[in-house]
């Protein structure tokens, strides 16, 4: 069963996981999977599904029907597999972005910036307000 964290801890947990990978797993990867669920009923069902299928090492962050999954030791294809399973289970497509360390970014802030940029570009979803920081 994965762990749910406070949304405010998202960037810190990503940085922590990247630090563990750098120290212990020379070619390790980490993916952050973002997807948005438009209806609250679907969001509740998605959450219930996630807590039953994700690993104990995975983390769930939820904010306003937006899900951010931190998936240690998971490459982009693995994150895509998880998303495809969710999509198939609900027979619905949700806006999604995957950002992977070290392919897309070298640190947590860059990973999240990639998600924010791609969510806006691909789906016109504005996530900047979730990460209130100067110059984010």
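Which number comes out as Rg/Rh for the stretch 65-134 once both Rg and the Kirkwood Rh are worked out on C-alpha atoms?
0.96
Taking 0.36 nm per residue of separation and subtracting the Cα-Cα distance, what length does fully extending residue 93 through residue 128 add?
10.4 nm
What are the extents of the Cα atoms of the stretch 1-78 along their three principal axes, in Å, largest first?
Answer, in whole Å and largest first: 41, 24, 20 Å.
Take the Cα coordinates of the chain, assign each an equal point scatterer, and use the Debye formula without solvent to give log10 I(q)/I(0) at q = 0.09, 0.11, 0.13, 0.18 Å⁻¹.
Log10 I(q)/I(0), no solvent term: -0.23, -0.35, -0.50, -1.00.
For the pair residue 22/residue 47, report the inter-label distance in nm, with labels modelled 7 Å from Cα in the Cβ direction.
For the pair residue 22/residue 47, the computed spacing is 3.3 nm.
Contact order normalised by length for the chain, with contacts defined as Cα pairs under 8 Å and 6 or more residues apart; what percent is it?
Here the relative contact order equals 30 percent.
Readers should treat all values here as calculations from the given coordinates under stated rules, not as data from a laboratory. Since we're looking at a predicted model, the values are computed, not measured. Every residue, glycine as well, gets a Cβ built from its backbone with ideal geometry; the counts of neighbours run over all protein chains shown.
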